[in-house]
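Shown next, in structure tokens, is the structure this report addresses.
The values are calculated or read from the model by the stated rules, or taken from the named source; none is laboratory data. Please read these numbers as outputs of a predicted model, since none were measured by experiment. Here Cβ is always computed from backbone atoms with ideal geometry, including for glycine, and neighbour counts include all displayed protein chains. Remember, those area values only see protein heavy atoms, side chains included, never the ligands or the DNA or RNA. Shrake-Rupley method; radii C 1.70, N 1.55, O 1.52, S 1.80 Å.
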Amino acid sequence: MVLGRGTRLFAGAMVAVCMVLIGPSAPSGLFAGAVPVEAVRDVVPNRVMTWNICNPCEVSNVDRAAEIATYAPQVIGMQEACVRDVEMIREYLESLHGLVYHVEYGSVLRDWGRCGGVPWSPGAFGQAVLSAAPMTDRESVEYPDGGSEDRGYMAVTTKVDGRPVRVFNTHLAQRRQEAVRAHQAGVLATEVARHDRAIVLGDFNAVPDAPELAPIWALAADADPRCHPPSAGACETTTDWQSKFDYVFLRGIVPLEHRVRPTESSDHHPLYSDVDLT
């Protein structure tokens, strides 16, 4: 039997209620900040978003899904993402908010401590991209030197604003590893330069005027037109420690609106931009 969309949404909501009733196996804070199904009709077709969802963190995937549903981007790039968490977020986006996304992964690490599983079969950890449109030509590249932890970038081709575009998602090396990040940024920039039109999302672990980001600035602009070196003071901070580490870089694309939204669900804030590809 084929169920209508409204029936599926109602069924999904009932499943979530049952999870609360059965107790400890349900995720904590199930309806904390969750957006009612009626509040979201569809994605915003020209909106892209980046979010380091924080790991390890004691955060409910229902709450993470509610954060994403609040802004309903066409494309979202996640960093510090475990495959199991992303699958749950994706399920809650559909069952609780009526938002249907495709998913691709750029995992570069298998980590039992971060992502669960069992020691001989740990969960996959890295980047993920959710897109309301299908994705093709996925690439997942591990940087030659990840620094203190394996890092990499992923790329997909999908549609934003109704037009095909190459989307990159990355997480550069942790702080105080400037030389490592400089090499990683160079590797990423070489690939981005192959495309006349591209969106580069991610946690770069560097402030806007950090020298290691120069290869990226040479190719693309921040979604916030006021934010660029050397005038980095105009950039909105994106982390709990009041630094801008998260970026939506645009190459050959016009920014329309840019927002950073503080959250209690991560130490990084969701950052989104509405763009014009015409």
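Some points to look at:
- Cα radius of gyration and Dmax for the chain (Å): 18.3, 60
- For LEU109, the residues whose modelled amide H falls within less than 5 Å of its own, excluding neighbours fewer than 5 places apart on the same chain, are PHE125.
- Against the main long axis of the alpha-carbon atoms of the chain, helix 5-21 sits at an angle near 80°.
- In order along the range 197-203, the Karplus-derived 3J(HN,Hα) couplings, from 6.51 cos²θ - 1.76 cosθ + 1.60 at θ = phi - 60°, round to 9, 8, 10, 10, 10, x, 9 Hz, and Gly and Pro are given as x.
- The chain - charge dipole about Cα centre, Lys and Arg +1 at Cβ, Asp and Glu -1, debye rounded to 20: 500 debye
- Along the chain, the longest continuous region that contains none of the trypsin sites (Lys or Arg not before Pro) in a DSSP loop with at most 16 other C-beta atoms within 10 Å is 42-174.
- Dividing the summed helix terms, -39500 (n - 2.57) for each DSSP H run of n ≥ 4, by the number of residues in the chain produces a 222 nm estimate of -7000 deg cm²/dmol to the nearest 500.
- Stretch gain in nm, segment SER243-GLU142, where the contour uses 0.36 nm per residue and the Cα spacing is subtracted: 33.8 nm
- Of THR50, THR170, THR157, the residue with the greatest mean-square motion in the GNM of the chain, using alpha carbon springs below 10 Å, is THR157.
- Solvent-accessible area per residue, Å², over the chain with all protein chains present [probe radius 1.4 Å]: 43 Å²
- Prolate/oblate/rounded label for the range 132-256 (Cα gyration tensor, a/c 1.5): oblate
- Dmax and Rg, reported as Rg then Dmax, of the range 46-191 (C-alpha, Å): 15.1, 44
- With every protein chain in place, the chain: carbon and sulfur % of accessible area (1.4 Å): 55 percent
- Part-to-part distance (alpha-carbon centres) for the range 167-209 and the range 247-276, which is given in Å: 16 Å
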